[in-house]
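Written below as structure tokens is the structure these notes are about.
A short reminder: the numbers here are calculations on the coordinates, not readings from a lab. What you see is a predicted model; the values in this text were computed from it and never measured. Quick reminder, even Gly has a Cβ in these numbers, built from the backbone with ideal geometry, and neighbours come from all protein chains shown.
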Amino acid sequence: MVTDKESIFALDGQNLKFTFMLVCSLFLLWAVCNGMIDVMDKHFQEELGLSKSQSAWVQFAHYLGYFLMSMPAGWLATKLGYKRGIIMGLAIVAIGGFWFIPATHINSLVRHGSVTPTTAFIGFLAGVCVIATGLTFLETIANPYTTVLGPLRYAATRINLAQSCNGAGWIIGPPIGGLFFYGKDAAGHSTGSQTLYIPYVTVAII
């Protein structure tokens, strides 16, 4: 039984519960982003007239960010430390989120014939890849960070608690994506191409 003196969040007389809650929010953040990716494919099939195989590039761009940054993230995390590594990861996610604003503008030019659907699609893929790069930083750092936010013997307990937030994010991510990717106006016309950026900009602001 855990007493107040042996709290799983207390270390050297410090209560690290609030810090742990902030780290848990990172688990929620990247799970929401990953969950929204899963419902994005169909949107591009409908809005840009892409085939299923072409829309699969969304998943490719997402996991490309993980592939490209997995090793560098571990190395940089060692050099920067937990806090600065997390800040860098959040900054990269924010950059990717804000990129969806110009990407949405580029997409609007498709209807005027100024750019091709492929160009607009690549613009969105760039944002997806940048966000995934930032998430790689967060995932690489947040997991081990939970192990030092209290007594070592409760490290596994803290990781399990943090992972529960990850599960919650995977549940709420798809509905959030569906709300903005597949919305319709009063006339029944799709508004997804105009509102797709909203959840990502919201993540960037947060």
For this session: Take peptides 60-70, 35-45 and line them up by average Cβ neighbours within 10 Å, highest first, as a rough protection proxy.
Result: 35-45, 60-70
For this session: Compute the label zone of L80 within the stretch 152-168: residues whose backbone N is under 11 Å from the point 7 Å along Cα-to-Cβ.
Result: none
Seminar exercise, completed: By the mean-Cβ-within-10 Å protection proxy, highest first, 103-109, 137-143 rank as 137-143, 103-109
Problem set entry | Percentage, to the nearest whole number, of Cα pairs in the stretch 1-70 over 13 Å apart | 75
Exercise. GNM on the chain, C-alpha springs below 10 Å: top fluctuator among I171, I92, I131?
Worked result: I171
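Mind giving me the FRET efficiency for D38 and L109? R0 is 30 Å, r the Cβ-Cβ distance, nearest 0.05 is fine. Write down the numbers at each step before the final one.
On the way: r = 27 Å, r/R0 = 0.91.
It comes to 0.65.
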Seminar exercise, completed: With 0.36 nm assigned to each residue of separation and the Cα-Cα distance removed, A186 to F67 gains 38.6 nm
For this session: Mind giving me the nanometre distance, one decimal, between the label points for L22 and Q194, set 7 Å out from Cα along Cα→Cβ?
Result: 3.9
Seminar exercise, completed: Summing -39500 (n - 2.57) over every DSSP H run of at least 4 residues in the chain and dividing by its residue count gives a helix-only mean residue ellipticity at 222 nm, to the nearest 500 deg cm²/dmol, of -25500 deg cm²/dmol
Exercise. For the chain, modelled as a Gaussian network with Cα springs under 10 Å, which listed residue fluctuates most, W75, W30, W170?
Worked result: W75
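Rounded to whole Å and ordered largest first, report the semi-axes of the equivalent ellipsoid of the stretch 1-151 derived from its Cα gyration tensor (root of 5λ).
Numbers: eigenvalues 298, 42, 32 Å².
Gyration-tensor ellipsoid for the stretch 1-151: 39, 15, 13 Å.
First measure r as the distance between the Cβ atoms of A126 and A156, then evaluate 1/(1 + (r/R0)^6) with R0 = 45 Å and state the FRET efficiency to the nearest 0.05.
Working: r = 38 Å, r/R0 = 0.84.
So, using R0 = 45 Å, E works out to roughly 0.75.
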Exercise. Out of L29, Q45, L138, whose Cα points farthest toward the positive end of the dipole of the chain (charges: +1 Lys, Arg; -1 Asp, Glu; placed on Cβ)?
Worked result: L138
